[in-house]
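The values are calculated or read from the model by the stated rules, or taken from the named source; none is laboratory data. Predicted model, so just to flag it, every value in this text is computed and none were measured. Every residue, glycine among them, receives a Cβ derived from its backbone with ideal geometry; neighbour counts consider all protein chains shown.
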Amino acid sequence: MTAEELAPGLRYKKWIILAFVAAAVLLAITVLAHTNPYADADTERLKKICACLLIALSIFVFTGFYDRWMILPAELFHSRRLIARLAVNDFKKRYAGSYMGVVWALLQPVVTVLMYWFVFDRIFQARSEMAAGGVDVPYVLFLTSGLVPWLYFQEALMNGTTALLEYNYLVKKVLFKISILPLIKIIAATFIHLFFTAVCLIVAVCYGYYPTLYTLQVFYYGFCAFFLVLAISYTTCAVVVFFRDLTQIISIVLQLGTWATPILWNIGMLDDRFKWIIKLNPVTYIVEGYRISIYGQEWFWQHFYSSTYFWIVSVSLFMFGALVFKRSKIHFADVL
């Protein structure tokens, strides 16, 4: 990219770095000052130490590799109109040639919800309440609100990972900004996710859980899912070009993740000694966030440590992915 295209990223480099460091230091002070009188003192101390270490690492990576990873956000920003147009085309292309077209994309989440409703609410009604592990909501709603973000993460990650392979003819074009390809695939997956989220909200209304101000948090947690999968995809889409078996590995990991993430079961069933292990998975934050948005009465900032941890990990993954993608892209055309 030209220096003009990279502006204002490079033009205001010093101020952006200072702003980031100032925000990170402020966050570290907030973490140290935050206290939870109901939590175990040793656990709180460990959380503060881990959070401060992650913040320090983020500052080091951001300042040390600023020029390298800033290229990717700049390319995405300057190609925003092209990205929007290609994302819509990608979504339409997926169902081109079928009689019902895009209707198939919208029909799938409806059938999924109806299937779970019939099985858990009609056939296994008594067991479904037990399976939720003490959650005072119908199990079909508990399950659907967990499946909505997970299915989105699953589909978007696989699509983002294989973006360069699918659009290999564009990778070989010298002037085309291939960095937009994973983003295009993820945005295309977002269209179905938005409809699935609407279906989940309708299910909640059917069970008497009407939208409130807390429901607006769905947009926040949806953005969390979008950013996390984008951050991971820049690493996976670059690696899969040289190591095609990665798609199979990711498929297996996602299958395991269905059970390792509290989607089919409630995290409250676990002993407090093991909850932190599950919470290391950033998708857990998103799944639990969708649930408190749809039928809960909590704000995301009430989960202070979880929110801090999620964003530190997500931003770090994005910076790492940007570096991997930048160093690898000069070899993509030769391999593909």
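Determine which member of the set Thr215, Thr235 is farther than 18 Å from Gln297 by Cα, among the β-branched types (Val, Ile, Thr) and out of contact with any Asp or Glu (no Cβ under 7 Å at 6 or more places or on another chain).
The unique qualifying residue is Thr235.
Taking the condition of being more than 26 Å from Phe318 (Cα to Cα) and over 22 Å from the mean Cα position of the chain (by Cα), how many residues in segment 165-208 meet it?
Of the residues in that region, 7 qualify.
Say whether the condition of being in a helix (DSSP H, G or I), surrounded by fewer than 17 Cβ atoms within 10 Å (Cβ to Cβ) and aromatic (Phe, Trp, Tyr) is met by at least one residue in segment 281-299.
For segment 281-299, residues in a helix (DSSP H, G or I), surrounded by fewer than 17 Cβ atoms within 10 Å (Cβ to Cβ) and aromatic (Phe, Trp, Tyr): absent.
Going through segment 228-260 one residue at a time, which ones are assigned to a helix (DSSP H, G or I) and aromatic (Phe, Trp, Tyr)?
Across segment 228-260, the qualifying residues are Tyr234, Phe242, Trp259.
Which of the residues that make up segment 300-336 are over 27 Å from Arg244 (Cα atoms), among the aromatic types (Phe, Trp, Tyr) and crowded, with 16+ Cβ neighbours inside 10 Å?
Phe300, Tyr305, Tyr309, Phe310, Trp311
Mind telling me which of the residues Trp117, Trp104 ends up being assigned by TED's automatic domain parsing to the domain that holds Leu181, closer than 30 Å to Ile178 by Cα and at pLDDT 65 or above?
The unique qualifying residue is Trp104.
Under 8 Å between Cβ atoms, at least 6 apart or on separate chains: pull out the pairs that start in segment 50-67 with a residue that is over 15 Å from Lys326 (Cβ atoms) and end on any residue that is hydroxyl-bearing (Ser, Thr, Tyr) and assigned to a helix (DSSP H, G or I).
Every condition considered, the pairs that remain are Cys50/Tyr309; Ala51/Tyr305; Ala51/Thr308; Ala51/Tyr309; Leu54/Tyr309; Leu54/Ser316; Leu57/Ser316; Ser58/Ser316.
Specify the residue that is surrounded by the fewest Cβ atoms within 10 Å (Cβ to Cβ); the eligible residues are those in segment 30-55 that are out of contact with any helix residue (DSSP H, G or I) (no Cβ under 6 Å at 6 or more places or on another chain), modelled with pLDDT of 75 or more and not hydrophobic (A, V, I, L, M, F, W, C).
Arg45
Scan (1) farther than 20 Å from Tyr116 by Cβ; (2) surrounded by fewer than 17 Cβ atoms within 10 Å (Cβ to Cβ) for the single condition Gln255 breaks and write down its number.
Of the numbered conditions (1) farther than 20 Å from Tyr116 by Cβ; (2) surrounded by fewer than 17 Cβ atoms within 10 Å (Cβ to Cβ), the odd one out for Gln255 is (1).
Write out, first by first residue and then by second, each pair whose Cβ atoms fall under 9 Å of each other, whose residues are 6+ apart or on separate chains, and whose first residue, in segment 215-227, is under 12 Å from Tyr295 (Cα atoms) while the second is of a type in the set (D, E, K, R).
Within 9 Å, the pairs are Gln217/Glu298.
Sort through Leu270, Leu317, Leu264 and tell me the only one that's without any contact (Cβ under 8 Å) to a residue 12 or more places away in the chain and over 16 Å from Val218 (Cβ atoms).
Leu270
Kindly indicate the residue of segment 280-315 that is of a type in the set (D, E, K, R) and at pLDDT 85 or above and also farthest from Glu44 (Cα to Cα) among those meeting that condition.
This residue is Arg291.
Would you check which residues across segment 196-214 are touching a residue at least 12 places away in the same chain (Cβ under 8 Å), surrounded by fewer than 16 Cβ atoms within 10 Å (Cβ to Cβ) and touching a helix residue (DSSP H, G or I) at 6+ places or on another chain (Cβ under 9 Å) and list them?
Tyr207 - this is the single residue of segment 196-214 that is touching a residue at least 12 places away in the same chain (Cβ under 8 Å), surrounded by fewer than 16 Cβ atoms within 10 Å (Cβ to Cβ) and touching a helix residue (DSSP H, G or I) at 6+ places or on another chain (Cβ under 9 Å).
Within segment 170-180, is even one residue modelled with pLDDT under 85 and either closer than 16 Å to Ser251 by Cβ or part of a helix (DSSP H, G or I) (or both)?
yes
Only one of these is of a type in the set (Phe, Trp, Tyr), within 23 Å of Lys177 (Cβ to Cβ) and modelled with pLDDT under 85: Phe318, Phe226, Phe242, Phe332. Name it.
Result: Phe332 is the single residue among Phe318, Phe226, Phe242, Phe332 that is of a type in the set (Phe, Trp, Tyr), within 23 Å of Lys177 (Cβ to Cβ) and modelled with pLDDT under 85.
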